[in-house]
Amino acid sequence: MSMTTPPGWYPDPAAPTVERWWDGTNWTAHTRQAPTGAYPATPMAPSTVVAPAPSVRNGRSRAVVLGAVAVAVVAAVVAGVLVFGGDDKGDAPPAAGPTGATPTAPTTSATSDAPVDEEEDEKPTQVDDQLNGITLPVIKGWEKPEFSSDPAPTITTVGTYQCPGAATKKCRHGTVSSHPVGGSSTATPEAVAKEDIVLAVKETFQEDILDTFPYGTMVSHKVVAARPAVVAGRTGYLVRWQVVTDKGPGGYVQSLAFPSPTGSESPVVVRFLFDAGPDGPALTVMDEITRGIRPIGSDTNGGVGTSITPGTPGTPGT
């Protein structure tokens, strides 16, 4: 039985201080600076042995020693090029993946997992998620935030307000962000969405690094929607909770899971957080944004994003 390394960030065999995204089948061109701490286990890249410089004996000139060192360095560079197939672009994907496979290098340009929409327009119409191969629509009343603590591609409602659980912090009435999903790539969208909604609620209503609860702590919740949906040309599944908090109006949290429209179709999750109060976006906006999620490079989603089961959006599905 073959063993497959799940999608995730792994140390780049060609650059120890960089992490590269493994989509479960191939190395992609996405990189980021490696954080401190332990890495997931992955084979080490072949090392390059540099011959030691000759010792200095009996007045041998410094120029001779430096020349020997230069020769050794050049030899090491040449060996590195032969081993890794490198060129002067430096950030091409390594030839071997975590499982020792030899994938074909992707043709997309290298990028990090930060929002990658580079349009100069001050009001972009979409935010690109190169890692997952999708775009998030920037609809009326929403924007791509200039600053965000979340490195994931994100869109938010315009403007901020004082967080109900932290007087010193600013919150948004609505936030939508996309995330890759680790673990098994064979998990169904329904299983991924039901698992992710728990994590999304926990991350939203847990204590932050300043020991505050920006939106208050969760008191209770109920499931208001759980149904299949088609998004970006792929059949997925959404789960939506209404959360009651000890401070403020509470909110609606939704996890929408579906296979990526590119590459190995690794699972993608788009998370929605809407305030439940009168200033929060209408729940129909969740469906509007879902319909606007498209594969990168596509001008149309073919009418996808609608429920494929009976029932009214916002009510429990079958």
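The values are calculated or read from the model by the stated rules, or taken from the named source; none is laboratory data. As the structure is a prediction and not an experimental result, all values here were calculated from the model. Counting neighbours? That spans all protein chains shown, and the Cβs are built from the backbone with ideal geometry, glycine included.
Going by the conditions given, is residue 156 out of contact with any Cys (no Cβ under 6 Å at 6 or more places or on another chain) and within 19 Å of residue 238 (Cβ to Cβ)?
no
Which numbered condition trips up residue 279, out of (1) within 18 Å of the chain's Cα centre (by Cα); (2) at pLDDT 90 or above; (3) part of a loop (DSSP other than H, G, I, E, B)?
(1)
Restricting the search to segment 239-258, which residues are in contact with an Asp or Glu (Cβ under 7 Å, 6 or more places away or on another chain) and surrounded by fewer than 22 Cβ atoms within 10 Å (Cβ to Cβ)?
Matches in segment 239-258: 249 only.
Could you pull out the residue among 190, 207 that is over 25 Å from residue 129 (Cα atoms) and touching a Phe, Trp or Tyr at 6+ places or on another chain (Cβ under 9 Å)? Show your work before the answer.
Values: 190 fails: over 25 Å from residue 129 (Cα atoms).
Only one candidate passes the filter, namely 207.
Against the definition (closer than 22 Å to residue 162 by Cα and either among the small types (Gly, Ala, Ser) or surrounded by fewer than 19 Cβ atoms within 10 Å (Cβ to Cβ) (or both)), how does residue 279 come out, yes or no?
In short, yes.
Out of (1) out of contact with any helix residue (DSSP H, G or I) (no Cβ under 8 Å at 6 or more places or on another chain); (2) under 30 Å from residue 26 (Cα atoms), what's the single condition that is false for residue 228?
(1)
Would you mind stating whether residue 262 is assigned by TED's automatic domain parsing to the domain that holds residue 136, part of a loop (DSSP other than H, G, I, E, B), buried (at least 17 other Cβ atoms within 10 Å of the Cβ) and among the polar types (S, T, N, Q)?
Values: assigned by TED's automatic domain parsing to the domain that holds residue 136: yes; part of a loop (DSSP other than H, G, I, E, B): yes; buried (at least 17 other Cβ atoms within 10 Å of the Cβ): yes; among the polar types (S, T, N, Q): yes.
Judged against the criteria, residue 262 is a match.
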